[in-house]
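Asker: The structure's right below; bear with me while I get my questions together.
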């Protein structure tokens, strides 16, 4: 082999190596952990513990799905030296930051991916927004937030300034989700003294004009709204009368706004075109629940059986379910239970085929959200 052949061989290997290195760097972005006091893994899960109303005991726990670090019960407090506040309501990841809505304290916080707070905006002195922030979603550089009192706010995700407010939408607004250029908002109920009125509205708001374009009629008291697989899922809680039907799962087609009733359910998560639905019926006298599970195929419209392995702890089988999330990288299903104000909640992890993996204390009360960051 001559010198020129050797030279070109080395050059080719260097070129290929550089390409592989660049590809590897592109696919493994390092999380923004500036200011962190602890070493965190590349993949991490955050659990929002909402706490008990008025107790100022919300927090954000950190869990490593691969077991590479010990569980951190309240990473937010560890990183920032203070409590998250009263009633952590919702948490999302957007554009390499975390955004947390804290309802009782009525503010929105922007955190980096290590839960170090970057900035916040308080709404307590805004006469339009003083009735508590609820749920959030994000699109095209903005955070959209629902509020009690019938208001939706458009907040600049970079500056954290409220740029627009849409008022007079109805009663107390709850869940929000974005699809097909529209924001969908649940109009849950109104309260006038001791009189409660439950609504049947989901508002569709055009994000370009920030104006309502449709009102979709669903079952009584829509509360949770989830966007998955190009569909909007709504869970209506009912009107709490003796004969009411509670926790009805519906699906909205965001193109036609056609509503399909799926069945009963208190929680759902979607993966690969299949909705995994849990129905947790609570007996508050005994603080236990009767839990049933099933699936719904979004494309075929067929329901199916969903089996979770019998080796899960008994505390799960009759526990009061508080939330459910699916890790979209592994397909593992995470289900939380609550002890309400009596004790901490728990997290139960299952494989996609229903096999039980592990359970652990969630680090706080009422774990209502789990997000996965890598």
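Residues are listed down the side, and each one gets a yes or a no for (1) within 22 Å of residue 325 (Cα to Cα); (2) outside any loop (DSSP other than H, G, I, E, B):
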residue: 68; (1), (2): yes, no
residue: 76; (1), (2): yes, yes
residue: 79; (1), (2): no, yes
residue: 82; (1), (2): no, no
residue: 85; (1), (2): no, no
residue: 89; (1), (2): yes, yes
residue: 113; (1), (2): yes, no
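Asker: Would it be correct to say that residue 173 is touching a strand residue (DSSP E or B) at 6+ places or on another chain (Cβ under 7 Å) and outside any strand (DSSP E or B)? Walk me through it before giving the result.
Answerer: Working: touching a strand residue (DSSP E or B) at 6+ places or on another chain (Cβ under 7 Å): yes; outside any strand (DSSP E or B): no.
Criteria not met by residue 173.
Asker: Just checking, how many residues over the stretch 271-283 are touching a strand residue (DSSP E or B) at 6+ places or on another chain (Cβ under 9 Å) and not in a strand (DSSP E or B)?
Answerer: The first filter runs over the stretch 271-283 and keeps only residues touching a strand residue (DSSP E or B) at 6+ places or on another chain (Cβ under 9 Å), leaving 271, 273-283.
Those left that are additionally not in a strand (DSSP E or B): 273.
Of the residues in that region, 1 qualify.
Asker: Among the residues of the stretch 210-227, is any over 28 Å from residue 280 (Cα atoms), touching a strand residue (DSSP E or B) at 6+ places or on another chain (Cβ under 6 Å), outside any strand (DSSP E or B) and at pLDDT 95 or above?
Answerer: Filtering the stretch 210-227 down to residues over 28 Å from residue 280 (Cα atoms) leaves 210-215.
Then keep just the ones that are touching a strand residue (DSSP E or B) at 6+ places or on another chain (Cβ under 6 Å); that gives 210, 212-215.
Adding the requirement that they be outside any strand (DSSP E or B) leaves 210.
Add one more test, that the residue is at pLDDT 95 or above, and what stays is 210.
Within the stretch 210-227 (the criterion being over 28 Å from residue 280 (Cα atoms), touching a strand residue (DSSP E or B) at 6+ places or on another chain (Cβ under 6 Å), outside any strand (DSSP E or B) and at pLDDT 95 or above), the answer is yes, since at least one residue qualifies.
Asker: Follow-up. Within the stretch 36-66, how many residues are assigned to a loop (DSSP other than H, G, I, E, B) and either out of contact with any helix residue (DSSP H, G or I) (no Cβ under 9 Å at 6 or more places or on another chain) or over 25 Å from residue 330 (Cβ atoms) (or both)?
Answerer: As a first pass, look at the stretch 36-66 and keep what is assigned to a loop (DSSP other than H, G, I, E, B): 36-43, 50-58, 64-66.
Checking which are either out of contact with any helix residue (DSSP H, G or I) (no Cβ under 9 Å at 6 or more places or on another chain) or over 25 Å from residue 330 (Cβ atoms) (or both) leaves us with 37, 39, 41-43, 50-58, 64-66.
Final tally of qualifying residues: 17.
Asker: Separate question: Of all residues in the stretch 256-270, count the ones that are in contact with a strand residue (DSSP E or B) (Cβ under 9 Å, 6 or more places away or on another chain) and farther than 20 Å from residue 336 by Cα. Break it down into steps so the answer makes sense when it comes.
Answerer: Step one: filter the stretch 256-270 for residues in contact with a strand residue (DSSP E or B) (Cβ under 9 Å, 6 or more places away or on another chain), giving 257-270.
Then keep just the ones that are farther than 20 Å from residue 336 by Cα; that gives 257-263.
Total satisfying the criteria: 7.
Asker: If we scan the stretch 325-332, do we find a residue that is at pLDDT 95 or above and within 18 Å of residue 235 (Cβ to Cβ)?
Answerer: Within the stretch 325-332, one or more residues are at pLDDT 95 or above and within 18 Å of residue 235 (Cβ to Cβ).
Asker: Can you tell me which residue within the stretch 157-171, out of those that are in contact (Cβ under 8 Å) with a residue 40 or more places away in the chain and surrounded by 15 or more Cβ atoms within 10 Å (Cβ to Cβ), is nearest to residue 195 (Cα to Cα)?
Answerer: It comes out as 169.
Asker: Now for a separate question. For the stretch 140-156, which residues satisfy the criterion of being surrounded by fewer than 16 Cβ atoms within 10 Å (Cβ to Cβ) and outside any loop (DSSP other than H, G, I, E, B)? Show your work before the answer.
Answerer: At the first step, the residues of the stretch 140-156 found to be surrounded by fewer than 16 Cβ atoms within 10 Å (Cβ to Cβ) are 140-141, 156.
Selection gives 156 alone.
Asker: Please go through the stretch 190-228 and give me each residue that is loosely packed, with under 15 Cβ neighbours inside 10 Å and over 16 Å from residue 176 (Cα atoms), ordered by number.
Answerer: The answer is 191, 192, 193, 194, 195, 196, 197, 208, 209.
Asker: From 238, 263, which residue is modelled with pLDDT of 95 or more and in a strand (DSSP E or B)?
Answerer: Numbers: 238 fails: in a strand (DSSP E or B).
It is 263.
The values are calculated or read from the model by the stated rules, or taken from the named source; none is laboratory data. The structure presented is a predicted model; accordingly, all values stated were derived computationally and were not measured. Note that we place each Cβ from the backbone using ideal geometry, even for glycine, and neighbour counts take in every protein chain shown.
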